[in-house]
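Scroll down for the structure; my scribbles are underneath it.
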Amino acid sequence: MTHSLHPILSEWPHCANRPLKLQVTNSGIASLHRGHPWLYAERIKEEPSQGQPGDLAVVFDGKKKFVAVGLYDPFSPIRMRALRASKPGPIDRDFFADRIAKALARRLPLLKTKTDGYRMIHGESDGMSGMVIDRYAKTAVVKLYTHAWLPHLYDCLDCLLEQQPLDRIVLRMSRGMKQHPEHLRGLEDGQIIYGEPISETLTCRENGLYFEVDPIYGQKTGFFLDQRDNRARVETLSKGKRVLNVFSYNGGFSLAAARGGAIEVTSIDQSGPALESSKRNFALNAEVSAIAATRHLTIEDDAFKALAELVKQGKKYEVVIIDPPAFAVRRSQVKDALNAYGRLAQLGVNLLAPDGDIVLASCSKPVSPEDFRHTVCAAAERAGRPWREITETSHALDHPLDFADGRYLKCIFATA
C-alpha cells in the first residue's frame with residue numbers, strides 16, 4: 001500500500017526567500033567558530049523583526065566573513081541551530097538527504113546484531129540539531145525540539161523514506177513546542193504523519209530480544225534505546241545470580257539478566273503499567289529457555305521506599321541495577337540530583353551480596369561524569385562497601401558524541 005506524508009507538511013508555508021542576517025556578539029561568533037551548533041538569544045545583538053520558525057539565519061563576523069547558517073526559532077532560547085559552519089552552502093533537500101545518508105551509514109553495524117530498534121538520527125551529533133529519529137522495526141518516531149524544523153520536515157522525511165522504507169512515522173514534540181500550539185497548524189504530539197494507525201502492539205528487537213513499544217504515549221520515543229550496550233553487559237554478569245532492577249520501566253535490564261541465566265530477577269517501578277509491560281516482554285521472549293526458567297518478581301512502589309524496605313528485610317542480591325530518570329535538567333538542580341544518586345548508591349550497596357556487582361546510571365545532562373562518579377563512590381565508602389574494579393561506559397554507537405555538550409548518559413559498573 002502506498003502512503004503519503006501528512007498534507008499539512010507539504011502545505012507548510014515557505015521560509016523567507018533571503019536568510020535573516022543576525023548581528024551576533026563576539027562571544028557568539030567565537031562559539032560558532034568552535035563548532036558549537038547553538039546560538040542563544042542573549043548572544044544576538046538585535047532580533048529580526050519578521051523572523052519566523054524555520055527561516056534560515058546567517059552569521060558573519062566583523063570582517064563580513066561567513067561564520068554559520070542555520071535554522072531560526074524566535075520561540076526558543078536557542079535562537080539559531082547551525083547546520084553549516086565556516087564554509088557556506090545551501091540548506092535544501094539535497095543537504096538533508098546527504099546528512100541522513102551519512103547518519104544511516106554509521107548505524108550499519110547494528111544491523112548485524114539482530115537489532116531493529118535504534119536511533120537513526122541523533123540531533124546535533126548527526127548534524128541535524130533539534131531533531132532525533134528513532135526506529136522500531138518498520139515504525140519511525142521523529143522527536144522535534146524546535147518549531148524550526150516544521151517547514152523542512154516534508155523534505156527531510158521524504159528523503160528518509162527514499163533511503164529507509166517504513167510503514168509508519170509518528171511525530172513527537174518537546175514540551176517547549178507544545179507550549180506554542182498556535183504555531184503547529186493542527187499537528188499534535190503523538191500524531192501519525194505517515195502510514196496507517198497502530199492497530200496492534202508494536203515490537204522491536206534488541207540483540208535478539210523482543211520488546212513492546214508505545215511510540216505515541218511511551219517515555220522518550222517509546223523505549224530507552226540508549227542503554228542497549230549496558231543491557232548487553234548486564235547479561236554477561238547474571239548467570240546463576242539474583243538480580244535487582246530498580247526504575248525498571250518495561251524490563252529491559254531484567255530481560256537481559258534473565259537471558260544471561262539469572263535465577264531470579266526483581267523489577268521495581270512506581271508505574272503499574274510499566275511493570276505490566278515488563279511481564280508481557282517476558283512472555284514475548286518465553287521461547288528463550290533461560291528467560292522461561294527465570295523467576296520474575298515485580299514491586300510497584302517508589303524506588304527509595306522500596307529499597308529501604310528491602311534493606312530492612314535483609315534482602316541480598318548478586319547484581320543490583322539502578323537506572324533512574326533524570327534528576328536534573330538544569331544546573332540549579334545538580335546538588336539535589338547528586339544527593340539522590342548518593343542515597344541510591346548507599347541503598348544499593350546495602351542490598352549487595354559480597355563480591356556482588358552494582359550498576360548505577362545517570363541520564364542527568366548537567367551532572368558531570370566526574371561529579372557522578374565521586375558522589376556514588378563516596379556513598380559506597382560511607383556504607384562500608386567501597387567499590388573496586390570500576391568500569392565506566394558512555395554512549396552507544398547510535399547515540400554518537402560528535403557534539404560534546406550532548407553527553408548525558410553515564411553508567412558505572414563496579415564490584416563491592
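The values are calculated or read from the model by the stated rules, or taken from the named source; none is laboratory data. From a predicted model like this one, the values you see are computed outputs, not experimental measurements. Glycine gets a Cβ as well: all are built from the backbone with ideal geometry, and neighbour counts include every protein chain shown.
Quick notes on this one:
- Scanning region 253-264 for any residue that is farther than 21 Å from Glu318 by Cβ and either surrounded by fewer than 19 Cβ atoms within 10 Å (Cβ to Cβ) or of a type in the set (Lys, Arg) (or both) turns up nothing.
- Considering region 60-76, the residues that are farther than 20 Å from Pro151 by Cβ and touching a strand residue (DSSP E or B) at 6+ places or on another chain (Cβ under 8 Å) include one that is surrounded by the most Cβ atoms within 10 Å (Cβ to Cβ), namely Val67.
- Any hit, region 76-98, residues being within 30 Å of Thr203 (Cα to Cα), acidic (Asp, Glu) and under 19 Å from the mean Cα position of the chain (by Cα): no
- Of all residues in region 100-125, those satisfying the criterion of being surrounded by fewer than 20 Cβ atoms within 10 Å (Cβ to Cβ), closer than 30 Å to Glu200 by Cβ and without any contact (Cβ under 8 Å) to a residue 40 or more places away in the chain are Leu108, Leu111, Lys112.
- For the residues Met80, Met128, the requirement of being surrounded by 19 or more Cβ atoms within 10 Å (Cβ to Cβ), part of a loop (DSSP other than H, G, I, E, B) and of a type in the set (A, V, I, L, M, F, W, C) singles out Met128.
- Counting only residues that are out of contact with any strand residue (DSSP E or B) (no Cβ under 8 Å at 6 or more places or on another chain) and over 17 Å from Gly127 (Cβ atoms), region 21-46 holds 4 of them.
- The residues listed here are Ile291, Ile263, Ile268; of these, the one that is within 21 Å of Leu347 (Cβ to Cβ), modelled with pLDDT of 95 or more and aliphatic (A, V, I, L, M) is Ile268.
- The set of residues in region 135-160 that are within 18 Å of Asp73 (Cα to Cα) and small (Gly, Ala, Ser) contains only Ala148.
- Going through (1) surrounded by fewer than 21 Cβ atoms within 10 Å (Cβ to Cβ); (2) under 18 Å from the mean Cα position of the chain (by Cα); (3) assigned to a helix (DSSP H, G or I) one by one, Arg231 falls short only on (1).
- Meets criteria (touching a residue at least 60 places away in the same chain (Cβ under 8 Å), of a type outside the set (Lys, Arg), surrounded by 16 or more Cβ atoms within 10 Å (Cβ to Cβ) and on the phi < 0 side of the Ramachandran plot) for Ser267: no
- If you go through region 29-51 and keep only what is within 22 Å of Gly89 (Cβ to Cβ), of a type outside the set (Gly, Ala, Ser) and either assigned by TED's automatic domain parsing to the domain that holds Asp126 or not in a helix (DSSP H, G or I) (or both), you end up with Arg34, His36, Pro37, Trp38, Leu39, Pro48.
- Taken together, Ser271, Ser277, Ser267, Ser289 contain a single residue that is hydroxyl-bearing (Ser, Thr, Tyr), touching a helix residue (DSSP H, G or I) at 6+ places or on another chain (Cβ under 6 Å) and in the same structural domain as Arg343 (by TED's automatic domain parsing), which is Ser267.
- Cross-chain or 6+ apart pairs with Cβ under 8 Å, region 174-197 first and surrounded by 15 or more Cβ atoms within 10 Å (Cβ to Cβ), then polar (S, T, N, Q) and part of a strand (DSSP E or B): Gly195/Thr139
- Matching residues, region 68-99, being within 12 Å of Leu22 (Cβ to Cβ) and free of Cβ contacts under 8 Å to residues at least 40 places away in the same chain: Ala68, Pro74
- Being touching a residue at least 40 places away in the same chain (Cβ under 8 Å), buried (at least 22 other Cβ atoms within 10 Å of the Cβ) and not assigned by TED's automatic domain parsing to the domain that holds Gly406 is a property that Thr146 has.
- Here the condition is being at pLDDT 95 or above and assigned to a strand (DSSP E or B); of Lys143, Lys102, it holds for Lys143 alone.
- In region 234-256, residue nearest to Glu300 (Cα to Cα) [restricted to those that are touching a Lys or Arg at 6+ places or on another chain (Cβ under 9 Å), part of a helix (DSSP H, G or I) and of a type in the set (Gly, Ala, Ser)]: Gly252
- Residue check for Ser278: within 30 Å of Gly406 (Cβ to Cβ) and in contact with a His (Cβ under 8 Å, 6 or more places away or on another chain): yes
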